[in-house]
1. Please go through segment 198-245 and give me each residue that is in contact with a helix residue (DSSP H, G or I) (Cβ under 9 Å, 6 or more places away or on another chain), over 29 Å from Glu85 (Cα atoms) and modelled with pLDDT under 85, ordered by number.
2. Would you confirm whether any residue within segment 118-131 is in a loop (DSSP other than H, G, I, E, B) and within 18 Å of Ala41 (Cβ to Cβ)?
3. I'd like to know if segment 202-209 contains one or more residues that are within 23 Å of Tyr123 (Cβ to Cβ), aliphatic (A, V, I, L, M) and not assigned by TED's automatic domain parsing to the domain that holds Met119.
4. Quick one: is Arg67 farther than 25 Å from Leu220 by Cα, modelled with pLDDT under 90 and within 19 Å of the chain's Cα centre (by Cα)?
5. Please determine, by comparing only the residues of segment 47-64 that are part of a loop (DSSP other than H, G, I, E, B) and either of a type in the set (A, V, I, L, M, F, W, C) or at pLDDT 90 or above (or both), which one is surrounded by the most Cβ atoms within 10 Å (Cβ to Cβ).
6. Might you check whether a residue that is surrounded by 15 or more Cβ atoms within 10 Å (Cβ to Cβ) and more than 27 Å from Val127 (Cα to Cα) occurs anywhere in segment 171-179?
7. Could you check how many residues of segment 183-197 are in contact with a helix residue (DSSP H, G or I) (Cβ under 6 Å, 6 or more places away or on another chain) and either loosely packed, with under 14 Cβ neighbours inside 10 Å or part of a helix (DSSP H, G or I) (or both)?
Amino acid sequence: MAEKETTQNNGKGEYTTKITYQNRDIVSKVMAEEFEGKSFAVYGIDIPKIVKVEPTNLPAIEANELRMDNLFLLEDESYALVDYESDYSRDNLHKYLNYVVRASKRLYNDHKIFPKIRMIVIYTADVERGTTNPELDMDSVKFKVTEAFLSEFDNEEAWKNISSKISVGEDISAEETMQLIIYPLAFKERKSKQNAIRQVIELAKGIKDDKKMIFVLKCLMVFSDKVIREDDARHIKEVLMMTKVEKLIYDEAEENVATRIAKNLLKTGSEVDYVSENTGLSKDIVIQLVADIAKEKEQ
């Protein structure tokens, strides 16, 4: 995640603050909205539809263990943790169990009930059914992973249907959208996956609905992050920045950054005029922030 370090002078000495651009909660907004009502059933998993995407800021999470948008609330009020693997390792069961425990702890802290959580592992075409063992029995703990195998996914038929629709400007269904975002993972070998990623990027650019196009491209980056070429990831970002929806999201991110800086300045004694001038926020907004800070102190 890109960060820019800025130095501000409030008249009482300089201080440095790190501004996080592309804040995950903000830039994943379109993805969260578009996942609503969709289902992993197209991958051969019989679970309820998705209600919303949950943040993955799990307790004591290790770097890069969980990527953005891997925790989903489902229609039956259970949760699904989703990971993608290109090979099978028995040792991964400990990793998945760790995910579930950490997610359970955070959800319990939020809602004061023990949640029902499915651990879903979607294997790329490199792994076939019958070559894995999804169960772990340690007597006191019994753990089972729900598996999907993209080796069973008819990628040629899916590509034929989806590309023909997009080429004539026709909308694609929720099921076809879910098929498109995992299309590259239905290939064996790294190079074949990378070539398929490039195909999806070019096809997605023809989707008329900006939100749906953004959803496909961002999911492509998230779900294919282990194999995507650096120049393809960069190209996706360039395409995203050309859309009106994405610009609005980034504008919102910038506004949130300005608000945080303004609050820091006010807390160190800066005047309203100074804060407004140095953050670009209107005086009315800064005055409201003064009131908000006062309320926070009272609580």
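The values are calculated or read from the model by the stated rules, or taken from the named source; none is laboratory data. The model shown is predicted, which means the values in this text are computed figures rather than measured ones. Cβ coordinates were reconstructed from backbone atoms using ideal geometry, including for glycine residues, and neighbour counts include every protein chain displayed.
1. Met241, Thr243, Lys244, Val245
2. Within segment 118-131, one or more residues are in a loop (DSSP other than H, G, I, E, B) and within 18 Å of Ala41 (Cβ to Cβ).
3. Taking every residue of segment 202-209 in turn, none turns out to be within 23 Å of Tyr123 (Cβ to Cβ), aliphatic (A, V, I, L, M) and not assigned by TED's automatic domain parsing to the domain that holds Met119.
4. Answer is no for this residue.
5. The selected residue is Leu58.
6. Scanning segment 171-179 turns up at least one residue that is surrounded by 15 or more Cβ atoms within 10 Å (Cβ to Cβ) and more than 27 Å from Val127 (Cα to Cα).
7. Of the residues in segment 183-197, 7 are in contact with a helix residue (DSSP H, G or I) (Cβ under 6 Å, 6 or more places away or on another chain) and either loosely packed, with under 14 Cβ neighbours inside 10 Å or part of a helix (DSSP H, G or I) (or both).
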